[in-house]
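Shown below is the structure under consideration.
The values are calculated or read from the model by the stated rules, or taken from the named source; none is laboratory data. Note that the structure is predicted; figures quoted are calculated from it, not measured. Glycine also receives a Cβ, built like all others from the backbone with ideal geometry; neighbour counts cover every protein chain displayed.
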Amino acid sequence: MWILGEERGQTCQGVTRRGLLQVGLLGAMGLSLPQLLQAQEAGKPQKAVILLWLWGGPSHLDTFDPKPDAPSAYRGPFRAIGSNVPGIQVCEYLPELAKRADRYALLRTIHHETNDHGIAGTIGLTGKAASGGRVMPSMGSVVARVKGYRPPLSSFVSVGKPLHQGHRPIQGEGGGILGAPYDPFRVEYDEVHGVQIRDLVSPEELTAGRLDRRKHFLETLDAAQKQLYGQTETSALSRSYEQAFALLASQGAKAVFELDKEKPGVRDRYGRYRFGQSCLLARRLVESGVPFVQVNWSSHVEAEEDYGDGGWDMHYRNFEIIQERHLWMLDQTLSALLDDLQQHGLLDHTLVVAMGEFGRTPKINEKAGRDHWNNCYSALLAGGGVPGGRVVGVSDARGEFPVERPIKPADVCLTIFDRLGISRTNLLALEIAPEGEVIEELA
Amino acid sequence: MKVGPLRRLTTDGCFKQNPCFSPDGREIAFVRHYDDEFSICVMQADGTHFRQITEHRGDKAPQYHPDWSPDGKHIAYTFFTFAGTDGSQHIQTMTPDGKNVERIISGTQFNQHPVWSPDGKQIAFCSMRDGNPEIYVADADGKNIRRLTQNPGLDHHPTWSPDGSRIAFDSDRDGNLEIYSMDPDGKNVQRLTDHPSADEAPRWSPNGKYIAFTTFRDGNWEVYVIDTDGKNPINISNHPAYDRFPAWRPDSGALVWVSRRDNVTDLYLAEVS
């Protein structure tokens, strides 16, 4: 989706003359983009995004675009149920979300060109496939760059382990061409160890003196790197460490990660499993001012990966597995998140997005599974000013292809930026040329 | 049927599934997800003396669907092996201390839901070895595999009647998941439930009179019991939370199942009469 300054002179999708003029004006005013945005946002509610990344690709027919009238070889064994909005149906195993349809919009015609997890994941998170070795920044990384680092918490926090395809991490989850400093600050949750911050050893093991020594060591290392290689940008190592150090030094920031500060009933409503508590952590991060939080459903795509706690890639046993685990977990946790954000007064300016990298084949395969399907799939968007009770796009009778209002991942990305108050002009200021269009029906 | 007060047997809240009683009724085996492992665990029927019986594996391969042999000497279960980003499921047996593991049914694809015949000489299971999920029977050593169902729909979760004369299972052959029963050679299939929502995972009562199963007919997962001809459905769990995976105590006087009624996943037991 983002191209650094190579398409100047284009007027359609590229950098416009007007955009360049606006970029020049910022510099003349002596303001960096983050400073300008912070000045603009002063006194306004903090806008934020929580992206629930349903890694592996959930079946759109078995979640948000059921086809009750399709032949059984497509429809599958699950029923569609009505919601609290007439005309909107979802899978019967999402009953709590069905009661809240007036709070979200469904996109039912997202499509792109690849059925490879890694490439599709990169497209979904960045709006564009990597090309010629150039990997575009993920949405969170763009937000981190535009909003700037706001100590002690990063502007882009990812909850969960890095997204993998087999043994390889995917390309599109980090800073890409913006650089590693804009990679997500990563925290993880599991039922045994609670919240963990990768860049830190546990506070009990880290004395103040040791912390200072580590910081000094890294500062020295960073200075040496700059001398050697002439770097002027903060290195990924020091940025990551700076953020971790700032966290440790701030009692208030550390408290964000203490989920046991929540009432047990609140934790229960989110669900005492990884995805549930990760979403609770996302709410706490947004409440503390983090503008972009990504929650990864899993690190790997297959349900049996991540030690049986993996993703939505159901080439076999689709119905059995998502019935036993995935659907009720998504239903419970996403419903709890919407309720909780609303109760905290955060939903109006926090956009919640639930989507994966593609959908699944409408035709059920011979192993009771569904394979990859990039030609038509769904996403749920709630809060952040998005009108609820709305469906954008219509897929065909079997859920195979869009028939009305096709949507590209780049459109979704640009809409998310729009909700955060990040305009094309802001992006152009970074010499990033956005593709896609804001989805007007969600404005 | 009268349902007694519910007793919560576990309190750790970890995800659980597939409970089953030992033939003497003293112990319950079940699957628990904890510390990145899907493992098979055993506890006494009152919830005490919990222990994980499957070994802690380096690859943390998921293990599930335990079923205790009628003589109490073995547990059959499903074992998952990884192959790239794909995998296979095998049926294995072990002694109740988790030792003496033997892989009895394998193949490149999925074999799951093993259940011992009442005489312990056969194991019924679900497999995709010929394409879509079908019900099969093998000798207890995994040999002499015979296919019982031939249908393009999904056929899962076999369970034997106590006299071995019928096998109940679930299937979506008529459009959605329903409970069926058939002879042990796959003939004389009879549909037992008929509801637009899912009815699945049947468990035949040891006294031969009832079949417990899981259903979404009330808009949430509940445990129901029907007569073996499908009549007289009774909601046993009767709670808006998730209630699944029922299993009978050998005296048919109680059901154990997995419930999320306290917002976490635990095992609960109710006396029935």
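Out of the residues in region B:27-48 meeting the condition of being polar (S, T, N, Q) and surrounded by fewer than 18 Cβ atoms within 10 Å (Cβ to Cβ), tell me which one is farthest from the other protein chains (Cβ to nearest Cβ). Please lay out each step first, then the result.
Quick first cut of region B:27-48, residues polar (S, T, N, Q) only: B:39, B:44, B:48.
Imposing the further condition that a residue be surrounded by fewer than 18 Cβ atoms within 10 Å (Cβ to Cβ) reduces the set to B:44, B:48.
On the way: B:Gln44: 24, B:Thr48: 22 Å.
Only one residue fits best here, namely B:Gln44.
Exactly one of (1) out of contact with any strand residue (DSSP E or B) (no Cβ under 6 Å at 6 or more places or on another chain); (2) among the aromatic types (Phe, Trp, Tyr); (3) away from every other protein chain (no Cβ under 14 Å) is unmet by B:Phe216. Its number?
The failed condition is (3).
Name the residues in region B:49-66 that are assigned to a loop (DSSP other than H, G, I, E, B) and either buried (at least 19 other Cβ atoms within 10 Å of the Cβ) or modelled with pLDDT under 95 (or both), would you?
Hits for region B:49-66 are B:Ile53, B:Thr54, B:Glu55, B:His56, B:Arg57, B:Gly58, B:Asp59, B:Lys60, B:Ala61, B:Pro62.
Considering only region A:304-315, I want to know if a residue exists there that is of a type in the set (Ser, Thr, Tyr), touching a strand residue (DSSP E or B) at 6+ places or on another chain (Cβ under 7 Å) and either within 13 Å of another protein chain (Cβ to nearest Cβ) or surrounded by fewer than 24 Cβ atoms within 10 Å (Cβ to Cβ) (or both).
Checked against the condition, which is being of a type in the set (Ser, Thr, Tyr), touching a strand residue (DSSP E or B) at 6+ places or on another chain (Cβ under 7 Å) and either within 13 Å of another protein chain (Cβ to nearest Cβ) or surrounded by fewer than 24 Cβ atoms within 10 Å (Cβ to Cβ) (or both), region A:304-315 yields at least one hit.
Considering only region A:277-303, state which residues are surrounded by fewer than 22 Cβ atoms within 10 Å (Cβ to Cβ) and among the small types (Gly, Ala, Ser).
A:Ser288, A:Gly289, A:Ser299
What about A:Val159, is it aliphatic (A, V, I, L, M) and modelled with pLDDT under 95?
no
Would a scan of region A:317-338 turn up a residue that is assigned to a loop (DSSP other than H, G, I, E, B) and within 14 Å of another protein chain (Cβ to nearest Cβ)? Even if it seems obvious, please write down each step before you answer.
To start, the set of residues in region A:317-338 that are assigned to a loop (DSSP other than H, G, I, E, B) comprises A:317.
Next, from what is left, pick out any that are within 14 Å of another protein chain (Cβ to nearest Cβ): A:317.
Yes, there is a match, as at least one residue in region A:317-338 is assigned to a loop (DSSP other than H, G, I, E, B) and within 14 Å of another protein chain (Cβ to nearest Cβ).
Sort out for me the helices (runs of 4 or more DSSP H) sitting completely within region A:229-300 that have 2 or more residues that are at pLDDT below 90 and among the hydroxyl-bearing types (Ser, Thr, Tyr).
Helices (runs of 4 or more DSSP H) meeting the threshold: A:236-249.
Take region A:364-405 and flag every residue that is polar (S, T, N, Q) and either within 19 Å of the chain's Cα centre (by Cα) or modelled with pLDDT under 95 (or both). Please lay out each step first, then the result.
Just the residues of region A:364-405 that are polar (S, T, N, Q), to begin with: A:365, A:374-375, A:378, A:395.
Correct list: A:Asn365, A:Asn374, A:Ser378.
Let me ask something else. For residues in region B:152-174 being in a loop (DSSP other than H, G, I, E, B) and crowded, with 16+ Cβ neighbours inside 10 Å, which is farthest from the other protein chains (Cβ to nearest Cβ)?
Applying the filter and picking the extreme gives B:Pro162.
Could you please let me know if A:Gly175 is surrounded by fewer than 20 Cβ atoms within 10 Å (Cβ to Cβ) and either more than 14 Å from chain B (Cβ to nearest Cβ) or more than 13 Å from the chain's Cα centre (by Cα) (or both)? It would help to see each step written out before you state the result.
Values: surrounded by fewer than 20 Cβ atoms within 10 Å (Cβ to Cβ): no; either more than 14 Å from chain B (Cβ to nearest Cβ) or more than 13 Å from the chain's Cα centre (by Cα) (or both): yes.
When the stated conditions are applied, A:Gly175 does not pass them.
Any residue at all in region A:78-87 that is in the same structural domain as A:Gly385 (by TED's automatic domain parsing), at pLDDT below 95, buried (at least 23 other Cβ atoms within 10 Å of the Cβ) and touching an Asp or Glu at 6+ places or on another chain (Cβ under 6 Å)? Walk me through it before giving the result.
Step one: of region A:78-87, the residues in the same structural domain as A:Gly385 (by TED's automatic domain parsing) are A:78-87.
Of the ones still in play, those that are also at pLDDT below 95 are A:78-79.
Now restrict to residues that are buried (at least 23 other Cβ atoms within 10 Å of the Cβ): A:78.
Imposing the further condition that a residue be touching an Asp or Glu at 6+ places or on another chain (Cβ under 6 Å) reduces the set to A:78.
Yes, there is a match, as at least one residue in region A:78-87 is in the same structural domain as A:Gly385 (by TED's automatic domain parsing), at pLDDT below 95, buried (at least 23 other Cβ atoms within 10 Å of the Cβ) and touching an Asp or Glu at 6+ places or on another chain (Cβ under 6 Å).
Another question, if that's okay. Criterion first (more than 11 Å from every other protein chain (Cβ to nearest Cβ), out of contact with any Gly (no Cβ under 6 Å at 6 or more places or on another chain), farther than 22 Å from B:Ala247 by Cα and modelled with pLDDT of 95 or more) does B:Arg146 satisfy it?
So B:Arg146 passes the test.
Let me ask something else about it. With outside the structural domain of A:Ile119 (by TED's automatic domain parsing), in contact (Cβ under 8 Å) with a residue 24 or more places away in the chain, in contact with a Phe, Trp or Tyr (Cβ under 9 Å, 6 or more places away or on another chain) and among the small types (Gly, Ala, Ser) as the only criterion, which of A:Ala433, A:Ala429 stands out?
Going through A:Ala433, A:Ala429 in turn, just one is outside the structural domain of A:Ile119 (by TED's automatic domain parsing), in contact (Cβ under 8 Å) with a residue 24 or more places away in the chain, in contact with a Phe, Trp or Tyr (Cβ under 9 Å, 6 or more places away or on another chain) and among the small types (Gly, Ala, Ser): A:Ala433.
Follow-up. Can B:Arg203 be described as within 17 Å of B:Asn18 (Cα to Cα), more than 14 Å from chain A (Cβ to nearest Cβ), under 17 Å from the mean Cα position of the chain (by Cα) and outside any loop (DSSP other than H, G, I, E, B)?
It is true that B:Arg203 is within 17 Å of B:Asn18 (Cα to Cα), more than 14 Å from chain A (Cβ to nearest Cβ), under 17 Å from the mean Cα position of the chain (by Cα) and outside any loop (DSSP other than H, G, I, E, B).
Right, another one. Give all pairs with beta carbons closer than 7 Å in which a residue from region A:78-93 that is at the interface with another protein chain (Cβ under 8 Å from one of its Cβ atoms) and more than 18 Å from A:Ile364 (Cα to Cα) meets a residue that is among the aliphatic types (A, V, I, L, M) and not in a strand (DSSP E or B); count only pairs at least 6 apart in sequence or on separate chains.
Partner pairs satisfying both residue conditions: A:Ile81/A:Ala98; A:Tyr93/A:Leu327.
For residues in region B:100-126 being among the β-branched types (Val, Ile, Thr) and part of a loop (DSSP other than H, G, I, E, B), which is modelled with the lowest pLDDT? Give the derivation first.
So in region B:100-126, the residues among the β-branched types (Val, Ile, Thr) come out as B:101, B:104-105, B:108, B:115, B:123.
With the extra rule that they be part of a loop (DSSP other than H, G, I, E, B), the set shrinks to B:101, B:108.
Values: B:Val101: 95, B:Thr108: 68.
So, considering only residues that are among the β-branched types (Val, Ile, Thr) and part of a loop (DSSP other than H, G, I, E, B), the one modelled with the lowest pLDDT is B:Thr108.
Residue check, A:His117 against (1) touching a His at 6+ places or on another chain (Cβ under 9 Å); (2) more than 12 Å from every other protein chain (Cβ to nearest Cβ), all met but one. Which one?
Single failed check for A:His117: (2).
Let me ask you something else. Restricted to region B:175-185, and to residues that are facing chain A (nearest Cβ under 9 Å) and either buried (at least 19 other Cβ atoms within 10 Å of the Cβ) or touching a residue at least 12 places away in the same chain (Cβ under 8 Å) (or both), which residue is nearest to B:His113 (Cα to Cα)?
B:Leu177
Pairs, please: C-beta under 6 Å, at least 6 apart or cross-chain, first residue more than 17 Å from B:Asp97 (Cβ to Cβ) and in region B:50-70, second part of a loop (DSSP other than H, G, I, E, B) and acidic (Asp, Glu)?
Within 6 Å, the pairs are B:Lys60/B:Asp36; B:Pro62/A:Glu304.
While we're here: What residue, among those in region B:226-237 that are closer than 22 Å to A:Glu92 by Cα and hydrophobic (A, V, I, L, M, F, W, C), is nearest to the other protein chains (Cβ to nearest Cβ)? Step through it out loud before you land on a result.
Just the residues of region B:226-237 that are closer than 22 Å to A:Glu92 by Cα, to begin with: B:233-237.
With the extra rule that they be hydrophobic (A, V, I, L, M, F, W, C), the set shrinks to B:234, B:236.
Numbers: B:Ile234: 22, B:Ile236: 19 Å.
If we take residues in region B:226-237 being closer than 22 Å to A:Glu92 by Cα and hydrophobic (A, V, I, L, M, F, W, C), then B:Ile236 is nearest to the other protein chains (Cβ to nearest Cβ).
From the set of residues in region B:98-125 that are within 12 Å of chain A (Cβ to nearest Cβ) and without any contact (Cβ under 8 Å) to a residue 40 or more places away in the chain, which is surrounded by the most Cβ atoms within 10 Å (Cβ to Cβ)?
Among those residues, the one meeting the criterion is B:Asn111.
Let me ask something else about it. Just checking, does region B:210-228 include any residue being without any contact (Cβ under 8 Å) to a residue 60 or more places away in the chain, farther than 24 Å from A:Met329 by Cα and in a loop (DSSP other than H, G, I, E, B)?
Checking region B:210-228: not a single residue is without any contact (Cβ under 8 Å) to a residue 60 or more places away in the chain, farther than 24 Å from A:Met329 by Cα and in a loop (DSSP other than H, G, I, E, B).
Regarding region B:244-255, can at least one residue be identified that is within 14 Å of another protein chain (Cβ to nearest Cβ) and assigned to a loop (DSSP other than H, G, I, E, B)?
Checked against the condition, which is being within 14 Å of another protein chain (Cβ to nearest Cβ) and assigned to a loop (DSSP other than H, G, I, E, B), region B:244-255 yields no hits at all.
Scanning for something within 14 Å of chain A (Cβ to nearest Cβ) and farther than 21 Å from B:Ala124 by Cα, does region B:89-97 turn up at least one residue?
no
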